[in-house]
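Colleague: One structure is given below, represented as C-alpha cells, and several questions about it will come after.
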Amino acid sequence: MIEYNYTELPLDTEARLGDVLAEMLNNKIEPQHENYCSLADTFERLLPPELIKHCRIGSVVNGQLRLLADSSSYMYQLQLCSSDLIAGLKKHYPRLRIKRIKIDAS
C-alpha cells in the first residue's frame, strides 16, 4: 500500500495543485508502477509457457497474489504450479511477502 506524508508541506505554503500532483506521480506512484510492471514480467517468466496467454495478475494485497485465468482448466494448471510461483516471486520480490495465491476466473 502506498503511504503519503501530507505533512511535508507547511500549512502556510501555497502550492499549485498541478505541482503537488506531479510530485506525487514522480515520487510515489511511478516507482510503484515500475515495480508492478517488473513483477508482471517475472510472473510471465516463471509461468509455464502454455499458460502465459490464459493467465494474468489480478492484484497483490496483504501477501495474497490474485491470479485470473480464462477457463477452469487453466485455473487448475495454475493451482498445480502455484507453490513454484510463490517460491520464485518470494525470491525476486521478498518485500511483497507473498504467502498464498488465489485463482479466479477472468
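Colleague: Name the single residue that is farthest from residue 102 (Cα to Cα) among those in segment 49-72 being polar (S, T, N, Q) and in a loop (DSSP other than H, G, I, E, B).
Modeller: 71
Colleague: Of all residues in segment 56-92 being out of contact with any strand residue (DSSP E or B) (no Cβ under 9 Å at 6 or more places or on another chain) and in contact (Cβ under 8 Å) with a residue 24 or more places away in the chain, which is surrounded by the fewest Cβ atoms within 10 Å (Cβ to Cβ)?
Modeller: Out of the qualifying residues, it is 84.
Only the coordinates and a few stated rules stand behind these numbers; no lab work does. What you are looking at is a predicted structure, and each value in this text was computed from that prediction instead of being measured. All Cβ positions, even for glycine, are placed from backbone atoms using ideal geometry, and neighbour counts span all protein chains on display.
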